Structure formats: C-alpha cells, structure tokens
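The values are calculated or read from the model by the stated rules, or taken from the named source; none is laboratory data. If you're wondering where the values come from, they're calculated on a predicted model, not measured in any experiment. Because the Cβ atoms are built from the backbone with ideal geometry, glycine has one as well, and the counts that use them run over all protein chains shown.
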Amino acid sequence: MDETPAPFVPDTFEPPRGLATASFVLEPLDPRHNDADFAAWSSSIPHIRSTPGFPWEGWPHPMTPADNLRDLERHAEDFERRSGFTYTVLDPADGDVIGCVYVYPARDPDADHDATARSWVRADRAGLDVALWQAVSLWLAEEWPFERVAYAPRA
C-alpha cells in the first residue's frame with residue numbers, strides 16, 4: 001500500500017509569482033526580506049495573535065534576526081519544492097514589508113479542505129486586513145488549483 005501523500009499542487013501548475021493591487025503587492029518571501037520581515041512581525045505580535053486564523057502553533061514568538069532568516073529560508077525552500085507558498089505583503093509605494101500570506105496543505109488528511117491560507121498585516125496597517133483577505137480569497141479561487149481553502153474570514 002503506497003502512502004505517499006498527493007502533491008500539494010499538480011506538476012503542471014505554475015505557482016503565481018505574485019499579486020498586485022493598488023494597496024499592496026505580494027511576492028514570494030525569501031531571505032532578502034529578512035530585516036523588513038523581522039521588523040514587521042516583531043512590532044505587531046499582539047495584533048497578529050488577534051488576527052483570525054492565528055495563533056498558529058504559537059507564532060509569532062520572540063526570535064532573533066538569525067532565527068527569522070532560517071525561517072525565511074525554510075519558506076523559500078517550501079516554495080521551490082512546491083510544498084507550501086509564503087508571500088510577503090509589500091507596500092507598493094516604498095516596498096516595505098507590511099504583512100505575509102501563507103498557503104499550505106491541509107494538515108489533517110480528513111479535513112474538508114485541501115489548502116489552508118493565513119495572512120497578517122502589521123498593526124499600523126490593520127486597515128488593510130479585510131482588503132488583503134478579499135483579494136487573496138479571490139486570487140486563490142481564480143488562480144490556484146484548490147477545491148476548498150480554509151481561510152478565516154474577516155469582518
């Protein structure tokens with residue numbers, strides 16, 4: 001009996017390299033974002049923890065910039081392996097990191113969804129949370145190969 005899990009996305013699917021709106025731009029998260037990513041989430045821990053879909057395995061939790069770099073390297077490796085997709089959310093005006101979007105497989109094989117999405121924005125950009133959720137929800141429905149995505153709604 002082969003228990004190899006099904007691939008997260010089909011081999012023929014080309015994961016989007018980003019999404020652009022007037023309010024934000026998504027691009028794959030990678031180590032070059034380390035300083036701005038670290039500043040974004042570490043300044044907003046209480047806000048992120050209050051965001052629908054979090055807390056997520058106790059994250060965010062205090063880390064050093066070096067720990068954060070290793071985390072970003074892991075997310076970039078997941079993207080290259082096509083086992084999960086993490087995007088940084090950038091301000092289109094200045095390119096500063098203002099949040100993050102995660103798209104990963106459902107953890108429970110018996111779940112009623114095939115992907116889980118989570119997102120957060122910095123506390124000083126809290127007003128973008130609903131717009132980010134709306135845009136990402138539509139993007140996932142139109143551009144990704146998933147049947148059902150679990151993504152905590154925003155009010």
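Structure above, values below:
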read-out: Residues of region 15-38 that turn out to be under 20 Å from GLY84 (Cα atoms), part of a loop (DSSP other than H, G, I, E, B) and touching a residue at least 24 places away in the same chain (Cβ under 8 Å), as a count; value: 5
read-out: Unmet criterion (only one of (1) within 19 Å of ASP114 (Cα to Cα); (2) modelled with pLDDT of 95 or more; (3) surrounded by fewer than 17 Cβ atoms within 10 Å (Cβ to Cβ)) for GLU3; value: (2)
read-out: Qualifying positions in region 44-71 - in a loop (DSSP other than H, G, I, E, B), surrounded by fewer than 17 Cβ atoms within 10 Å (Cβ to Cβ) and either among the aromatic types (Phe, Trp, Tyr) or in contact (Cβ under 8 Å) with a residue 60 or more places away in the chain (or both); value: PRO52
read-out: Hey, GLY18 under 16 Å from HIS75 (Cα atoms) and loosely packed, with under 15 Cβ neighbours inside 10 Å or not; value: yes
